[in-house]
1. If you roll a 1.4 angstrom probe over the protein chains with everything in place, what fraction of the accessible area of segment 69-147 belongs to carbon and sulfur, to the nearest %?
2. Compute the FRET efficiency between Trp124 and Leu175 as 1/(1 + (r/R0)^6), taking r as their Cβ-Cβ distance and R0 = 22 Å, and round to the nearest 0.05.
3. Expected output is a single nm value to one decimal: the length gained when fully extending between Glu97 and Glu18, i.e. 0.36 nm times separation in residues minus the C-alpha distance. What is it?
4. If you line up the long axis of helix 41-52 against the longest principal axis of the chain, both from Cα atoms, how many degrees apart are they, to the nearest 10?
5. Could you state the accessible area per residue of segment 146-299 in Å², with a 1.4 Å probe and every protein chain left in place?
6. How much accessible surface area, in Å² rounded to 10, belongs to the heavy atoms of Lys84 with a 1.4 Å probe?
7. Specify which residue in the list Asn70, Tyr189, Asn40 is farthest towards the positive end of the charge dipole of the chain, using unit charges on the beta carbon of Lys, Arg (+1) and Asp, Glu (-1), about the Cα centre.
8. Just name one of Tyr267, Met1, Phe95: the one whose Cα is farthest towards the positive end of the charge dipole of the chain (beta-carbon charges, Lys/Arg +1, Asp/Glu -1).
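The values are calculated or read from the model by the stated rules, or taken from the named source; none is laboratory data. Predicted model only: the values in this text are computed from it and were never measured. Don't worry about glycine lacking a Cβ; one is built from the backbone with ideal geometry, like all the others, and counts go over all protein chains shown. Just so you know, the surface numbers come from the protein's heavy atoms only, side chains and all, with ligands and any DNA or RNA stripped out. Shrake-Rupley method; radii C 1.70, N 1.55, O 1.52, S 1.80 Å.
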Amino acid sequence: MDLNKLRHSLSLASSSSELVKIITAFLNTKDLYYGHGTDNSADESYWIVRSQQNWDDKKWNLKPEIKLINKVLYLVEERVSSNKPLAYILGEAFFAELKFIVNQNVLIPRSPLAELIKNSFSPWLTLSAESKVLEIGTGSACIAIAISKYCSAKLIDASDISEDALLLAKKNIILHDCHNIELVRSNLYSNIFRKYDLIISNPPYVSEESFKRLPKEYHYEPELALKTSEKGLFLVKRILEQSMKYLKDGGSLIIEVGESQLELEQYYHGLPVTWLDFHSGGEGVLIVSKEQLLDYFST
Ligand SMILES: C[S@@+](CC[C@H](N)C(=O)[O-])C[C@H]1O[C@@H](n2cnc3c(N)ncnc32)[C@H](O)[C@@H]1O
């Protein structure tokens, strides 16, 4: 189906759900990758329509107007002609049921850490009103903001090496009115001077080899947020090995290493980490305590 036929079909639609069905069928004929906020064409079509209704439930039940159809068509055309992720086209993304502003200076939020944060890290650790948390590589600040919303914490230092990412993170922190988050520009721990109950990170962990094979959509994201050397472990190793210095006694480190899990297990043979399971999908997230790290690295 070409865009003219799509326009015609959409103009005949009598409901929003019909719009979604028609767009889904159209997207299914195109070479697109879904992995930046949705994982299928139906969810993406729903997102297209709902975003143009400002997520207003009342509008969902009205017969689609030509104005809505034109907006939706524009978005579909942009998505299929550029392969740009919808989140960047719309400037919005969702994480832990919270809405974030995104632009191409930050990774589109999609970490399985959302599930853990929504469960306040239960049963793995308990944060209190006195807890201090460090997030390394905050990007849009989605993780720091979700922690601020769902968990107790006195302070969350949200760090990133990218000035542009931190500018966007600031907008999201203001949007969500989070008063316990401090943004820090830092190359890993270079500008970090506190000790924490929890250090959490979703660092870049895509190896140079894997990066070349990623679908077009990923190449709209900052390389700095995805790609790293040493088979995807360059930053992970440094976060892990230096974390003991920045963790309080009894503190924990949580890192997402995704597809680099096997590589990490081979490199740190016998390191007693726990790999977490997620009901809503995702893998390659480990938790390890300061004491476990001290034991491992002292022998
Ligand atoms: C995978 S993204 C994660 C963004 C966000 N936390 C999320 O989960 O959506 C990794 C982030 O690490 C940042 N980063 C890359 N190298 C870094 C470094 N050496 N020190 C601190 N942050 C770094 C990138 O700018 C990027 O924002």
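1. 48
2. Working: r = 29 Å, r/R0 = 1.30.
With a Förster radius of 22 Å, E is 0.15.
3. Result: 25.9 nm gained on full extension.
4. Between helix and principal axis, roughly 80 degrees.
5. I get 50 Å² per residue for segment 146-299.
6. 40
7. Asn70
8. About the Cα centre, the residue reaching furthest to the positive side is Met1.
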